[in-house]
Amino acid sequence: MQGVGFRPFVYQLARKCNLAGWVRNTGDGVLIEAEGNEDRLQQFLESVQDEAPSLAAITDVRAETISPFGSEGFHIQASISNAGTRPTVPPDVNTCSECLADVLAPDNRRYMYPFTNCTNCGPRFTIIQCIPYDRPNTTMRDFRMCPDCRAEYEDPSDRRFHAQPNACRVCGPRLSLDGRIDARDQETLHKAAELLSEGKILAIKGLGGFHLACDARNTQSVRTLRERKGRAGKPFAVMCADLVEARRICFVDEASESLLTSPEAPVVLMPAKPDTDVSPLVAPGNRCLGVMLPYTPLHHLLLAETPKTLVMTSGNFSEEPIAYRNEEALDRLGHFGDHILLHDRPIHMACDDSVARVFEGQPMVVRRARGYVPRPIPLGMNVPEILACGGDLKNTFCLTKGNLAMLSQHMGDLENAATLRHYVHVLRHLQDFFDARPKIIAHDMHPDYFSTKQALSMDAQAKIPVQHHHAHIVSCMVEHQLSAPVIGVAFDGTGCGTDGCIWGGEFLIADLASFRRAAHLSYLPMPGGEMAIRKPGRMALSYLLQALGPRGEDVGVELMPSLSSAEAYAVRTQIDRGLNTPLTSSMGRLFDAVSALLGICTESTYEGQAAMELEAAAFGPADEVFDYTLSKADDSSIEISVQPMIAAIAELKSRATKEWISGVFHATVADIVTEVCALLRQEHGLNQVVLSGGVFQNILLLQLVLKRLRDQGFEAFHHCQVPCNDGGLSLGQAVVAARRSAI
Ligand code: ZN
Ligand code: ZN
Ligand code: FE
């Protein structure tokens, strides 16, 4: 991968070992010719692997002996541009400790300079306009390096050798506050910090786009931000000045600490400490907080003066794509922010913050964007060039080439027209990066998805529809390089099934090319379709009517005070007459229903809210479970009925706490998974279970399921590198299409 400082590292190592020769990039990797004493050569070969810069992921080293030429000195040769066989565009990298030290040292010429970077850190993906990755092909092209910067750039022993975005106060990008540039960045930063301390909302241009920022302790500011952004309850991420501050507001374990400070520097979800001064409006109804640390010098310098925890949310309205152009920010964000902190280094590719968490000591990516994209994912097999268009929510798309898959950054929800335009723009750009001209296009089976329509509008030799939950399972199989048939457990909110119903509580016997639906939650009407997703109370009522008969209507009104009897009546009539009541086997909707039944969330303002709040409420025994029944359907698949559980919850509600009921509910779902998997193991002789779908973002559920499966001797797999939600869908689609087209 270019731009990670590998060649200068080799150069310095060769000099240290007293070797002659050269190093250069080729399309296939790095080629080194080294000549010298045998011991030194051996030492060099070992050190190349052991001491390589942390960003350089070495996959393979091959060495062969050639006759000495009697070369003198060691040189870095120009890249050979037969590149194109492999993606060579690096992701953006968190500010390294050396650059941070430069910025904080009063005697350094980059003291307080917010755009300091080097070969080991700084902007990459977001500023590269085309490959190869050289300065004229980046948005730094209009900044002419001053003699000092130029000297660093040309000196192979310098940390800034060939650092394409290299810059300093004399020659590089400048800050401006509300359009005013001060010769001293310090002054601008100081003023911006003052405004934030006063409770103002600032639009701040960062690496991959604009953030809207305010003091996270100031409830009034956070409330204003929510109103202006049109975001009622969805949690905001925060940026903490340093680890000390992160530890003050969250429980930070060792693995989360390394994730926070990693080159990717994602937002890390961690358990929030109780009774801190962080406003309850930052992440209402949630036990976790999403925290990131400063990842550019600008953030470091700003946070050094502001309140130590700032809300930092994408600069956009509701679910629109993140704003990244200056004009756009002045035009649109002017309404959101009281002030705008800008700079004049253009962002070419917008890229949101990534979100991750630690699970069982390992990082688990929830939203894959800045820091991770466009690093390819190894497939462990060769596939044709394919474009997989993804789903409509949390969209990403995927391009494959050779044995690699490149997943786009998180795009957002395509039902938004602006996001759809952005999608087309990014698609063109990444096809160029990857030099991909795919002849095969994979898409979701849902005919009305925007991503499907997009796929159908493009030119291709073959267009391959892939069932939603099959794509989920395969995306997780690919992560673990599994290809033999597995038991796939796909739990999510919505996905189009092969029978035209809305699936989402599915057990599949799946391999990479095909699947059979082996078990599922029994069907239930969704009164009002989409409306039932926004109003979980409707799902609860549907479940009550199924479990208790007509009596369910009165029980529902009694249990859920927010549900008016008029609405309950309307829902029952709707179900009785079959008006706009699609059938669903969705596990997400079951979580919604239970959340509403317990009075936790009856109206959902963002996707997954009811389920998240239900998880946050759970507190109770993991060994007690509610009753449920399993039966064989006509097609010999297993049908799971939770009617006994719904009846039990309705009956218990007045006597047990919602925390306890939620705890037992989670345990019951885990019990269902294990029970059904055990039956399928008997029938099919399969012992590997793959867990995917957005419901598994629920960490409590994931823990309970894994524990039970392992106790019963199953080998269970879950997502780490790729989101379990629809953000991972395109990877699965691509591989299914690859396998199908090979048959
Ligand atoms: Zn650096
Ligand atoms: Zn300079
Ligand atoms: Fe899904």
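The values are calculated or read from the model by the stated rules, or taken from the named source; none is laboratory data. Because the structure is a prediction, the values reported are computed rather than measured. Cβ placement follows ideal geometry from the backbone for every residue including glycine, while neighbour counts extend to all protein chains displayed.
What the table below lists for this structure:
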| item | result |
| --- | --- |
| Residue that is nearest to the chain's Cα centre (by Cα) [pool: residues in segment 184-211 that are in a loop (DSSP other than H, G, I, E, B) and closer than 17 Å to Ser354 by Cα] | Gly208 |
| Glu327 being assigned by TED's automatic domain parsing to the domain that holds Thr188 and in contact with a strand residue (DSSP E or B) (Cβ under 9 Å, 6 or more places away or on another chain) | no |
| Among (1) at pLDDT 95 or above; (2) over 15 Å from Gly172 (Cβ atoms), the one test that Thr139 misses | (2) |
| From Leu701, Leu729, Leu691, residue being more than 18 Å from Phe359 (Cβ to Cβ), within 16 Å of ligand 3 (Cβ to nearest atom) and not β-branched (Val, Ile, Thr) | Leu729 |
| Close pairs (8 angstrom Cβ cut-off, 6 or more residues apart or separate chains): in contact (Cβ under 8 Å) with a residue 60 or more places away in the chain in segment 414-428, β-branched (Val, Ile, Thr) anywhere | none |
| Test for Arg40: is it charged (D, E, K, R), within 27 Å of the chain's Cα centre (by Cα) and away from ligand 3 (no atom under 16 Å from the Cβ) | no |
| Residue among Gly402, Gly337, Gly391 that alone is out of contact with any helix residue (DSSP H, G or I) (no Cβ under 8 Å at 6 or more places or on another chain) and either within 16 Å of ligand 3 (Cβ to nearest atom) or on the phi > 0 side of the Ramachandran plot (or both) | Gly402 |
| Which listed residue is over 15 Å from Val736 (Cβ atoms), in contact (Cβ under 8 Å) with a residue 40 or more places away in the chain and more than 16 Å from ligand 1 (Cβ to nearest atom), from Leu521, Leu512 | Leu521 |
| Matching option when the condition is in contact with a His (Cβ under 8 Å, 6 or more places away or on another chain), within 14 Å of ligand 1 (Cβ to nearest atom), among the polar types (S, T, N, Q) and outside the structural domain of Pro294 (by TED's automatic domain parsing), among Thr95, Thr116, Thr126, Thr139 | Thr95 |
| Test: residue in segment 710-718 that is buried (at least 24 other Cβ atoms within 10 Å of the Cβ), modelled with pLDDT of 95 or more and either more than 16 Å from ligand 2 (Cβ to nearest atom) or not hydroxyl-bearing (Ser, Thr, Tyr) (or both) | no |
| Those residues of segment 9-36 which are assigned to a helix (DSSP H, G or I) and farther than 25 Å from Tyr133 by Cβ, in sequence order | Lys16 |
| Test: residue in segment 659-672 that is small (Gly, Ala, Ser), more than 30 Å from the chain's Cα centre (by Cα) and more than 16 Å from ligand 2 (Cβ to nearest atom) | no |
| When residues of segment 99-136 are limited to those that are of a type in the set (Phe, Trp, Tyr) and within 16 Å of ligand 2 (Cβ to nearest atom), the one nearest to Pro374 (Cα to Cα) | Phe115 |
| Residue in segment 59-77 that is in contact (Cβ under 8 Å) with a residue 60 or more places away in the chain, within 16 Å of ligand 2 (Cβ to nearest atom) and crowded, with 18+ Cβ neighbours inside 10 Å present | no |
| Among residues of segment 150-169, those that are within 11 Å of ligand 2 (Cβ to nearest atom) and within 13 Å of Asn120 (Cβ to Cβ), counted | 2 |
| Filter result for Lys205 (away from ligand 3 (no atom under 16 Å from the Cβ), surrounded by 19 or more Cβ atoms within 10 Å (Cβ to Cβ) and of a type in the set (Lys, Arg)) | yes |
| Test: residue in segment 650-664 that is outside any helix (DSSP H, G or I), surrounded by 17 or more Cβ atoms within 10 Å (Cβ to Cβ) and touching a His at 6+ places or on another chain (Cβ under 8 Å) | no |
| Conditions (1) at negative phi; (2) away from ligand 2 (no atom under 16 Å from the Cβ); (3) more than 32 Å from the chain's Cα centre (by Cα); number of the one not met by Cys146 | (2) |
| Selection within segment 281-311 - of a type outside the set (A, V, I, L, M, F, W, C) and in contact with a helix residue (DSSP H, G or I) (Cβ under 7 Å, 6 or more places away or on another chain) | Gly285, Asn286, Arg287, Pro294, Pro297, His300, Glu305, Thr306, Pro307, Lys308, Thr309 |
| Which listed residue is among the aliphatic types (A, V, I, L, M), in contact with a Ser or Thr (Cβ under 7 Å, 6 or more places away or on another chain), in contact (Cβ under 8 Å) with a residue 60 or more places away in the chain and assigned by TED's automatic domain parsing to the domain that holds Ile661, from Leu614, Leu598, Leu583 | Leu598 |
| Residues being touching a Leu at 6+ places or on another chain (Cβ under 7 Å) and in a helix (DSSP H, G or I) - total across segment 618-648 | 2 |
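Residue by residue, here is whether (1) assigned to a helix (DSSP H, G or I); (2) farther than 16 Å from Gln362 by Cβ; (3) of a type in the set (D, E, K, R) holds:
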position: Arg681; (1), (2), (3): yes, yes, yes
position: Val690; (1), (2), (3): no, yes, no
position: Phe696; (1), (2), (3): yes, no, no
position: Leu700; (1), (2), (3): yes, yes, no
position: Val722; (1), (2), (3): no, no, no
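A quick yes/no check of all residues on (1) within 16 Å of ligand 1 (Cβ to nearest atom); (2) at pLDDT 95 or above; (3) more than 29 Å from Ile58 (Cα to Cα); (4) not polar (S, T, N, Q):
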site	(1), (2), (3), (4)
Pro106	no, yes, yes, yes
Arg135	no, no, no, yes
Met145	no, yes, yes, yes
Asp148	no, yes, yes, yes
Arg180	no, no, yes, yes
